[in-house]
Amino acid sequence: MIRKFIDRCKQYNKVNENKNEKVCRCFNVCSDDIKNAVTKGAKTISDVREKTKAGMGCGRCNASVERITYKAIKNR
């Protein structure tokens, strides 16, 4: 049962990975904004936060911001 749930989560992530999803609702930051910050020279999560303000409000999006930032840096 848990295995099925994990598999569904992985499928959901793959489907939504390429969409320009809204990541930070506090500052209206989308995944493309984070990717653009990395493209324009952000090398760390702190750099991305400085440029986009993502994750600096309520903090609920921190895991997503980190995930998208790491992927963007890896794919550079």
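Would you confirm whether any residue within the range 36-52 is open to solvent by 50 Å² or more (accessible area, probe 1.4 Å) and closer than 14 Å to residue 22 by Cβ? No. For the structure I just gave you, tell me whether residue 68 is under 17 Å from residue 25 (Cβ atoms) and part of a helix (DSSP H, G or I). Here the answer is yes, as residue 68 does meet what is asked. Just for the range 53-65: of the residues that are part of a helix (DSSP H, G or I) and of a type outside the set (A, V, I, L, M), which one is surrounded by the most Cβ atoms within 10 Å (Cβ to Cβ)? Here the residue is 64.
Limited to the range 17-35, what total is found for residues that are surrounded by 12 or more Cβ atoms within 10 Å (Cβ to Cβ) and touching a helix residue (DSSP H, G or I) at 6+ places or on another chain (Cβ under 6 Å)? Residues meeting the conditions: 7.
The values are calculated or read from the model by the stated rules, or taken from the named source; none is laboratory data. Computed from a predicted model, the values in this text were never measured in an experiment. Every residue, glycine as well, gets a Cβ built from its backbone with ideal geometry; the counts of neighbours run over all protein chains shown. The accessibility values were calculated without ligands, DNA or RNA, using every heavy atom of the protein model including side chains. Shrake-Rupley method; radii C 1.70, N 1.55, O 1.52, S 1.80 Å.
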